[in-house]
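Undergrad: I'd like to ask some things about the structure below.
The values are calculated or read from the model by the stated rules, or taken from the named source; none is laboratory data. Small disclaimer: the values here were computed from a predicted structure and weren't measured. Heads up, the Cβs are rebuilt from the backbone with ideal geometry, glycines too, and the neighbour counts pull from every protein chain shown. These area figures cover heavy atoms from the full protein model, side chains too; ligands, DNA and RNA do not enter into them. Shrake-Rupley method; radii C 1.70, N 1.55, O 1.52, S 1.80 Å.
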Amino acid sequence: RLVRPLNTTRRLLVPFPPLCERRGDLALILRDIKRLAQSIGAELHVFMSDSKAQTRLNDLLNSARPSVPLHVETAAGWTRARSLLFGGIGPGDMTVLPLERRQSPLWVPSMDRLFEIMAVRFPDMNLLAVYQALFVEDLFSPAIVEGTVISIIPCGDLSAASDIRGAIRQMIHGRTAWTPQQQESASSLLTVSAETYPVELAPGKILLHAHSEAVEDTTIFIGSGEWAWTLSGCVAPTRLVLALVSPRKQSPECHLRILSTLARCLHDSAVLEQPQQEGITAEVASVLRRCFTGEQETEGV
């Protein structure tokens, strides 16, 4: 809700509610908020409501670019953080609210009407609500190989990640159907894969894979970014990361079959030859889904 010219904004206020550190798009939110603050010449004022998440939030805040004037205020709980936010709002302020859809596992009732409450109490203030993108599970049916259901998740642009570990964590946190323990297991195993045996499908296009005891389903994550780092044994800076996570109970033959099909699909497609661009992860996901589905149809004939 924009009721004032953006260039009149002096402070950009961002309250982070409980569980916000589990959002898969948190690093991207911080990057975009910093870009907004820089473009309108505003100071960024952040309210934290969970001391347990403070370290992670501070790390992401400090690593996100660009650099802008920043003030961080930590409160003992969400009620106190909201009181500090409401009590400090003045002329020239704009508020950005990271919100969750009601069907999200991170949704909490205390956040449900926050936007409407602020709109009524502060009618002259600009307000912006930020929701997570709908995940690919909501938009497409999964692929199936040898009876194995495979979720293919395009994670979008992860340029805010400072290294491969950060990029992997952002991708995995987008899998909200997994518990934090499952996410941590997959992240750790894929990091080992990246540090020891990354497969370079094409210059800058990396494939990682792992078996996890913690997960019950097979998932392919796809993330991209304009990163400056190069993985060991690779010839070009990483630009696209594909990560396959399979449950430990899955047979090695099935895991290798999926890996082989994935690599062949991308080798036969021109998608990896395209320059880095917005939406490339969704395009790669579409190529893989068509290829997996087409293979099953061919075998059925």
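Undergrad: Does region 48-137 classify as rounded, prolate or oblate by the C-alpha gyration tensor (a ≥ b ≥ c root eigenvalues; a/c under 1.5 gives rounded; else a/b over b/c gives prolate, otherwise oblate)?
TA: Since a/c stays below 1.5, the shape of region 48-137 is classed as rounded.
Undergrad: Another one. With label points built 7 Å along Cα→Cβ from the Cα atoms of residue 54 and residue 124, find their separation and express it in nm.
TA: 3.5
Undergrad: Roughly how tilted is helix 54-63, in degrees to the nearest 10 and between 0 and 90, from the longest Cα axis of the chain?
TA: Once rounded, the angle reads 80 degrees.
Undergrad: Counting only protein chains, not ligands or nucleic acids, how are 258, 40 ordered by accessible area (probe 1.4 Å), most first?
TA: Working: 258 0, 40 25 Å².
Largest accessible area first, the residues go 40, 258.
Undergrad: Compute the Cα gyration tensor for the chain, then decide on rounded, prolate or oblate, letting a ≥ b ≥ c be the square roots of its eigenvalues: rounded whenever a/c is under 1.5, prolate when a/b is larger than b/c in the other cases, and oblate in all that remain.
TA: Here the chain falls in the prolate category.
Undergrad: Given an 8 Å cut-off on Cα distances and at least 6 residues of separation, report the relative contact order of the chain as a percent.
TA: Values: 515 pairs, mean separation 47.9, N = 301.
Relative CO of the chain lands at 16 percent.
Undergrad: Ratio to report: Rg/Rh of region 162-283, with Cα atoms as the point set and Rh obtained by the Kirkwood method; give two decimals.
TA: Numbers: Rg = 13.7 Å, Rh = 14.6 Å.
Result for region 162-283 is an Rg/Rh of 0.94.
Undergrad: So for the pair residue 117, residue 86, with labels modelled 7 Å out along Cα→Cβ, what separation do we get in nm?
TA: It is 0.6 nm.
Undergrad: So how do 85, 6 rank on accessible area, 1.4 Å probe, biggest first, that is with the largest at the start? Show your work: numbers first, answer last.
TA: Values: 85 0, 6 60 Å².
In descending accessible area the options line up as 6, 85.
Undergrad: In the chain, which cysteines lack any other cysteine Cβ under 4.7 Å from their own?
TA: Cys with no partner Cβ under 4.7 Å: 20, 155, 234, 254.
Undergrad: Another question, if that's okay. With labels modelled as points extended 7 Å from the Cα through the Cβ direction, what inter-label distance (nm, one decimal) is found for residue 282 paired with residue 3?
TA: 3.3
Undergrad: What lysines could a cross-link reach from residue 52, if we take a straight Cα to Cα line under 25 Å and drop same-chain neighbours fewer than 8 places away?
TA: In chain and number order, the partners are 34.
Undergrad: Here's another thing I want to ask about it. Accessible area per residue of the chain at 1.4 Å probe, in Å²?
TA: Dividing the accessible area of the chain by its residue count gives 46 Å².
Undergrad: Helix 26-40 against the longest principal axis of the chain: what's the angle in degrees, Cα atoms only, rounded to the nearest 10?
TA: 50
Undergrad: Quick one: helix 252-268 against the long Cα principal axis of the chain, what's the angle to the nearest 10°, folded into 0 to 90?
TA: Helix 252-268 and the main axis of the chain meet at about 80 degrees.
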